[in-house]
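As structure tokens, the structure follows; a few thoughts come after it.
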Amino acid sequence: MGTLIKDFKYAALYLAAMWILEMFLNPLDVFGLRPRQSDLLGLIGIFAAPFLHGDMNHLPGNTIGYVPLASLTILKSPGKFNYNFWAVIVTGK
């Protein structure tokens, strides 16, 4: 049971980070993906993209999908949510 609580805390932390970044640090959008550019900012965009959103209308839509999918992932594989989350961030899949 402790592992489930820990995983749900990670899920809530990542969701809170996405909301905080969008509400207060909107200038981070410069780190978005830039096709066919080899500058460093374009590469950072690979890792930053999941935390960036076009506007405040986009984020609630993503939240509606994130909450049930994160919950199902946690319930299916207790103790692996943090690993799975960062694997998706790094690989983009």
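Taken together, the values in this text are just the output of simple stated rules run on the coordinates, not laboratory data. Please read all numbers here as calculations on a predicted model, not as lab measurements. Here the Cβ is made from the backbone with ideal geometry for all residues, glycine too, and neighbour counts use every protein chain on show.
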- Task: Please give the contour-minus-distance gain from LEU72 to LEU13: 0.36 nm per residue of separation, less the Cα-Cα distance, rounded to one decimal in nm.
- Result: 19.6 nm
- Query: Length gain on complete extension for the stretch ASN82 to THR63, per 0.36 nm per residue less the alpha carbon to alpha carbon distance?
  - Reply: 5.1 nm
- Query: Counting Lys +1, Arg +1, Asp -1, Glu -1, what net charge surrounds LEU4 among other residues with beta carbon under 14 Å of its beta carbon?
  - Reply: +3
- Note on the structure: Descending packing, highest mean Cβ count within 10 Å first, for 12-18, 59-65 is 12-18, 59-65
